[in-house]
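Here the structure is laid out as structure tokens; the discussion comes afterwards.
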Amino acid sequence: MSVDRSELTARFPFEIDPFQREAFDALDDGRHVIVAAPTGSGKTVVAEYGIEDARRGGRRAFYTAPVKALSNQKYRDLVDIYGDAAVGLLTGDNSINPSAGIVVMTTEVLRNMIYGRSRQLDELGVVVLDEVHFLQDAYRGPVWEEVIIHLPAGIRLVCLSATVSNANELANWVTTVRGPTVAVIETRRPVELSNHYLVDDRTADRLRFMPTFIDGHVNRDALKLDEAGARGRQGRDGGGRRRRGADGRIDERRRLATPGRVETVELLRDRRILPAIYFIFSRAQCDEAAKSCVAAGLELTTADERNEIRRLIETRLGGLDRADLDVLGFDRFAEQLEAGIAAHHAGMVPPMKEVVELCFVAGLVKVVFATETLAVGINMPARSVVIEKLTKFTGEHHERLTPGQYTQLTGRAGRRGIDERGDAVVLWTPWVRFDDVAELASSTSFQLRSVFRPTYNMAANLIRRYDRDEAHHLLNLSFAQYQADRDVVRLERRLERLRADLGELEEEARSPYGDIAEYRRLRDIDGDERRSARTTREGEMRGAMARLRPGAVIDVSSGKYSGPVVVVATAHRKAGVRLTLVTKGAKSFHVHADDLDRLPEQIGTVKLPQHFGPAQREFRERAARSLRKTNLRRSKSGHGPSPSSRATLDAHPVARDPDVRERLVAASRADRVRRQIVDAERRVKGKNHSLSNDFDRVVALLDHYGHVDLESWVLTDAGELLARLFHESDLLVAEVLRDGVLDGVGPSDLAALVSCLVYEHRSSDAPPAPWFSSGEVRQRWRRMSAISADLSARERTAGLAEHRGPDPTFAAVAFAWVAGEGFAEVVVDEELTGGDFVRTIKQLIDVLRQIALVAPDSATRRVAAAAADAAFRGVVADSSLPVLEPPNAVDP
């Protein structure tokens, strides 16, 4: 039964495009469809056609999305069309009407249904896979391929993708796996895109807003301006500032600069190309940009718009505790929103991001400073898009945006039905030439590459459902295997480039003063000695402080005081022991281990007054008098230098090289390139049957750990547990459960231990020392680490990718939150962003809920459920609420 197209298209305020009609015809013919089209072109119309077709045939429809925010938005959109009773939502956070005829869910939820052989699949007619180009995401990508391969036969697919160059290749693969598939490709944007280059021309004291292309060709004026400014590129200091000459004057060769954020927004306003999304690849800089615009007096809203913004803020955030809002910087957030300005990034809690999204879609907020995460998922079209830099830091190095990433970012520019044109504005920087900008803007090459690999959970589920030959056959059906043979040439070319890079870096690292490799080894030894000495000293210091009792006299040397003092109180805190001290002058102060320059040695004892406290003046004076009268022993503590390799390092001839720092950087980069070469050579060598080999190695490891009986090809009880665990480090979680590490503890301690399996410290700063509530819980953490170390060693031996090991950094936070501590207190004490806290707690809840279902010990299951319930409160629970109805849009 075909859909009445006139009835369907009446919902939309625009004409149905030819590519949409082509997709309709393919669905009517019973084929699968892959739609590759630009952002905002109307791919969702094809999805709605497929959903309507399934409904009219008496079958159900699933709509999957890669992120929960997009799932929430699609749920709201479909409720608007079909009503609450007809639409459900399953995201892990929410389970609303799951037996509805149309259910929106994350892709992982559908994958889990397939492996669990859920009855919900019985009446399924169509599955929409939105953002299917996510299958090249390193961590989550394999989920899309698992769904496409394992979904029961007879269910049609509607795959929606960004514009990719190899959509036909993807369609050919789906045809091989599931049957006839049509690739519907649309390259034309629904709203024309104009690319611009914005330069701060210091010689003319103005911003130059220049088209990137003129009549289809690179703008020669922009190219000449950039080339003229290139003469001064070397005149920048490390921070990109203009350098002064010996006479103190600005070097006039420094004629170009990156436009300021305030000035850029003012230019967009004056050119009437707001609202804008302004991409900055740094959370902190997004916040700083919004702050600086408001501080400069920018006000982009009318009185009516400000009233509507205040109403939306109160509606969505009014239920949060005022103390929590204060910690989240609510007042500044609200002030910026009312001015029509906002930041949007992963460090913000979801309710605040949601308010920004609602206000922007309604036309109330005129400029959003956002990280690239905004380019994926939710529908937030703008009149213009600004990209501050075409490079971003990956955590190890800076890398250029790819054509696909550039297209994804600029895809938000131009609102269909509102704008005749969208504008993409790239700002001048000293690090990227204009011709590179033009090449990126004109490129249409966006190759979709599979990153599919067998995981432990996947292997367990394949063994659970299929015999040995069928399991290998299904792996060979993956898109990764389909592309494998074509990758060899690309890898060989990459190897050529890497080897050339290595030669250049080795030359840069070579020192005329001596052997740089020997010097680096000495530096590593010196660093190890320093870290070891510091760790030893910290342990000794904590032990010495813990042994002191009130009345002990010690000789201190710190930034606060130097001389004999009497200990009047000790306190054991999360951060360690804190001493309260009184001087001979009756002054009191506190010290921690970090405040002391040497170990506290007891040199005497005084009798303290009874029934008084350090806060009372009389107590301090009496304690001070006793201290002055007491005969004290001489301190034996010393400050002599500990032996180290520093002298040897300083005496090395390379230490005299004035360019030693640059040579060391080049040597470190050379090490990284060598690792990349080894990896690429390994991939070339194993290309022809890499997936099958990886799968066999995974299964052999599962056999070693007792999850699989390899000879009979069946799962053991442990393997059945693993098959129901969906986690990045699934085998580690399974082994921790089997070992009983999580048995016999309370909810808070269980949450602390499980957080080690969830959290990953990514800051360049060293993590704080791990905290646990007791020595017994700390010992459990050590058992978890030992299990992980054994697994890592066996993965290395087997040639498998190593799992991410446990990280105890978040344990104290998880313990405090599950124990009932307030959000404001936890976030302030641990210096967390609200968004990172909420996201990590929600991941923790997900794993706790899985443990509550699969843990071998029934008591552990109950405790895990209690811990998950205790964690799901306050701002965490509020962040899981379904998305609000959108406000009425304000006329542009």
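The values are calculated or read from the model by the stated rules, or taken from the named source; none is laboratory data. Model, not experiment: these values are computed from the prediction. For neighbour counting, all protein chains shown are included, and Cβ atoms are generated from backbone atoms with ideal geometry for every residue, glycine included. Accessible surface areas use protein heavy atoms only, side chains included; no ligands, DNA or RNA. Shrake-Rupley method; radii C 1.70, N 1.55, O 1.52, S 1.80 Å.
Whenever a residue of the range 781-795 is more than 19 Å from Val758 (Cβ to Cβ), its partners that are in a helix (DSSP H, G or I), lying with C-beta atoms within less than 8 angstrom and at least six residues away or across chains, give the pairs Arg794/Leu701; Arg794/His704; Glu795/Leu701. Of the residues making up the range 551-583, those that are crowded, with 16+ Cβ neighbours inside 10 Å and outside any strand (DSSP E or B) are Gly551, Tyr561, Thr583.
In summary, Arg783 fulfils each of the numbered conditions (1) modelled with pLDDT of 95 or more; (2) open to solvent by less than 10 Å² (accessible area, probe 1.4 Å) with the single exception of condition (2). Going by the structure shown, is Leu753 at pLDDT 95 or above, assigned to a helix (DSSP H, G or I) and under 27 Å from Leu110 (Cβ atoms)? No.
Is it the case that the range 385-403 has a residue that's in contact with a Cys (Cβ under 7 Å, 6 or more places away or on another chain), at pLDDT 85 or above and open to solvent by less than 60 Å² (accessible area, probe 1.4 Å)? For the range 385-403, residues in contact with a Cys (Cβ under 7 Å, 6 or more places away or on another chain), at pLDDT 85 or above and open to solvent by less than 60 Å² (accessible area, probe 1.4 Å): absent.
Within the range 771-790, can one find any residue that is part of a helix (DSSP H, G or I) and either over 29 Å from Glu538 (Cα atoms) or touching a His at 6+ places or on another chain (Cβ under 9 Å) (or both)? Lay out the reasoning, then the answer.
Pass one, the range 771-790, residues part of a helix (DSSP H, G or I): 775-790.
Next, from what is left, pick out any that are either over 29 Å from Glu538 (Cα atoms) or touching a His at 6+ places or on another chain (Cβ under 9 Å) (or both): 788.
Yes, the range 771-790 has at least one match.
One residue stands out among those in the range 712-748 that are in a loop (DSSP other than H, G, I, E, B), open to solvent by 10 Å² or more (accessible area, probe 1.4 Å) and touching a Leu at 6+ places or on another chain (Cβ under 8 Å): the one that is modelled with the highest pLDDT, which is Val745.
Checking Gln136 against (1) in contact (Cβ under 8 Å) with a residue 60 or more places away in the chain; (2) within 27 Å of His472 (Cα to Cα); (3) in contact with a Ser or Thr (Cβ under 6 Å, 6 or more places away or on another chain), only one condition comes out false. Which one? If we test Gln136 against (1) in contact (Cβ under 8 Å) with a residue 60 or more places away in the chain; (2) within 27 Å of His472 (Cα to Cα); (3) in contact with a Ser or Thr (Cβ under 6 Å, 6 or more places away or on another chain), just (3) comes out false. Within the range 289-309, the residues that satisfy the criterion of being open to solvent by 60 Å² or more (accessible area, probe 1.4 Å), more than 15 Å from Glu263 (Cβ to Cβ) and not basic (Lys, Arg) are Glu299, Thr302, Asp304, Asn307. Tell me, please, whether a residue that is closer than 15 Å to Ser729 by Cβ, open to solvent by 10 Å² or more (accessible area, probe 1.4 Å) and not acidic (Asp, Glu) can be found in the range 827-835. Within the range 827-835, none of the residues are closer than 15 Å to Ser729 by Cβ, open to solvent by 10 Å² or more (accessible area, probe 1.4 Å) and not acidic (Asp, Glu).
Test of understanding: among Ile309, Ile313, which residue is touching a Cys at 6+ places or on another chain (Cβ under 7 Å) and free of Cβ contacts under 8 Å to residues at least 60 places away in the same chain?
Details: Ile313 fails: touching a Cys at 6+ places or on another chain (Cβ under 7 Å).
Of the residues listed, the single one that is touching a Cys at 6+ places or on another chain (Cβ under 7 Å) and free of Cβ contacts under 8 Å to residues at least 60 places away in the same chain is Ile309.
Within the range 584-594, the set of residues being open to solvent by less than 60 Å² (accessible area, probe 1.4 Å), in contact with a strand residue (DSSP E or B) (Cβ under 8 Å, 6 or more places away or on another chain) and closer than 13 Å to Arg620 by Cα comprises Ser588, Phe589. Output yes when any residue across the range 185-205 is at pLDDT 90 or above, over 30 Å from Gly229 (Cβ atoms) and not hydroxyl-bearing (Ser, Thr, Tyr), and no when none is. The answer is yes, given that some residue of the range 185-205 is at pLDDT 90 or above, over 30 Å from Gly229 (Cβ atoms) and not hydroxyl-bearing (Ser, Thr, Tyr).
Return a yes/no flag: does the range 424-443 have any residue that is within 24 Å of Gly42 (Cα to Cα) and out of contact with any strand residue (DSSP E or B) (no Cβ under 8 Å at 6 or more places or on another chain). Yes, there is a match, as at least one residue in the range 424-443 is within 24 Å of Gly42 (Cα to Cα) and out of contact with any strand residue (DSSP E or B) (no Cβ under 8 Å at 6 or more places or on another chain). Gly820 fulfils the conditions (1) at pLDDT 90 or above; (2) assigned to a helix (DSSP H, G or I) except for a single criterion, (2). Sub-7 Å Cβ pairs linking a first residue in the range 665-679 that is of a type in the set (Gly, Ala, Ser) to a second residue that is open to solvent by 80 Å² or more (accessible area, probe 1.4 Å), at least 6 apart or interchain, are Ala666/Glu508, ordered by first then second residue. Put simply, of Asp221, Asp201 the only residue that is open to solvent by 20 Å² or more (accessible area, probe 1.4 Å) and more than 26 Å from Ile51 (Cα to Cα) is Asp221. Just to be sure before I move on: is Phe815 open to solvent by less than 30 Å² (accessible area, probe 1.4 Å), part of a helix (DSSP H, G or I) and touching a residue at least 24 places away in the same chain (Cβ under 8 Å) in the structure I sent? For Phe815, the condition - open to solvent by less than 30 Å² (accessible area, probe 1.4 Å), part of a helix (DSSP H, G or I) and touching a residue at least 24 places away in the same chain (Cβ under 8 Å) - is not met.
Is it true that Gly50 is small (Gly, Ala, Ser), open to solvent by 20 Å² or more (accessible area, probe 1.4 Å) and either closer than 19 Å to Val147 by Cβ or at pLDDT 90 or above (or both)?
Working: small (Gly, Ala, Ser): yes; open to solvent by 20 Å² or more (accessible area, probe 1.4 Å): no; either closer than 19 Å to Val147 by Cβ or at pLDDT 90 or above (or both): yes.
For Gly50, the condition - small (Gly, Ala, Ser), open to solvent by 20 Å² or more (accessible area, probe 1.4 Å) and either closer than 19 Å to Val147 by Cβ or at pLDDT 90 or above (or both) - is not met.
Suppose the filter is within 40 Å of the chain's Cα centre (by Cα), modelled with pLDDT of 85 or more and open to solvent by 80 Å² or more (accessible area, probe 1.4 Å); does Glu540 pass it?
Values: within 40 Å of the chain's Cα centre (by Cα): yes; modelled with pLDDT of 85 or more: no; open to solvent by 80 Å² or more (accessible area, probe 1.4 Å): yes.
So Glu540 does not fit the description; no.
Examine the range 852-875 for a residue that is out of contact with any Leu (no Cβ under 7 Å at 6 or more places or on another chain), open to solvent by less than 10 Å² (accessible area, probe 1.4 Å) and in a helix (DSSP H, G or I), and state whether such a residue exists. No, the conditions are met nowhere in the range 852-875.
Here's a check for you: in the range 419-434, which residue that is in contact (Cβ under 8 Å) with a residue 60 or more places away in the chain and open to solvent by 50 Å² or more (accessible area, probe 1.4 Å) is farthest from the chain's Cα centre (by Cα)? Before the answer, list the steps.
As a first pass, look at the range 419-434 and keep what is in contact (Cβ under 8 Å) with a residue 60 or more places away in the chain: 419-430, 433-434.
Right, trim to open to solvent by 50 Å² or more (accessible area, probe 1.4 Å) and you get 420-421, 433.
Working: Glu420: 35, Arg421: 32, Arg433: 29 Å.
Among residues in the range 419-434 that are in contact (Cβ under 8 Å) with a residue 60 or more places away in the chain and open to solvent by 50 Å² or more (accessible area, probe 1.4 Å), the one farthest from the chain's Cα centre (by Cα) is Glu420.
On the stretch given as the range 809-829, residues that are within 19 Å of the chain's Cα centre (by Cα) and charged (D, E, K, R) total 0.
Test of understanding: among Leu267, Leu312, Leu337, Leu300, which residue is in contact with a strand residue (DSSP E or B) (Cβ under 8 Å, 6 or more places away or on another chain), aliphatic (A, V, I, L, M), modelled with pLDDT of 90 or more and under 13 Å from Val365 (Cα atoms)? Step through it out loud before you land on a result.
On the way: Leu267 fails: under 13 Å from Val365 (Cα atoms); Leu312 fails: in contact with a strand residue (DSSP E or B) (Cβ under 8 Å, 6 or more places away or on another chain); Leu337 fails: in contact with a strand residue (DSSP E or B) (Cβ under 8 Å, 6 or more places away or on another chain).
Only one candidate passes the filter, namely Leu300.
Filtering the range 21-47 to residues that are in contact with a strand residue (DSSP E or B) (Cβ under 8 Å, 6 or more places away or on another chain), open to solvent by less than 40 Å² (accessible area, probe 1.4 Å) and at pLDDT 90 or above leaves Ala23, Ala26, Leu27, His32, Val33, Ile34, Val35, Ala36, Val46, Ala47.
Entry remark, the range 655-689: residues being open to solvent by less than 30 Å² (accessible area, probe 1.4 Å), closer than 30 Å to Asp515 by Cβ and either touching a Leu at 6+ places or on another chain (Cβ under 9 Å) or modelled with pLDDT under 85 (or both) number 6 in total. Residues that are acidic (Asp, Glu), modelled with pLDDT of 90 or more and either surrounded by 20 or more Cβ atoms within 10 Å (Cβ to Cβ) or under 28 Å from Arg873 (Cα atoms) (or both) do not occur anywhere in the range 315-325.
Among residues of the range 435-446 that are farther than 13 Å from Pro211 by Cα and charged (D, E, K, R), those with a Cβ under 8 angstrom from a residue that is surrounded by 14 or more Cβ atoms within 10 Å (Cβ to Cβ) and modelled with pLDDT of 80 or more, sequence gap 6+ or separate chain, pair up as Asp436/Leu390; Asp436/Arg400.
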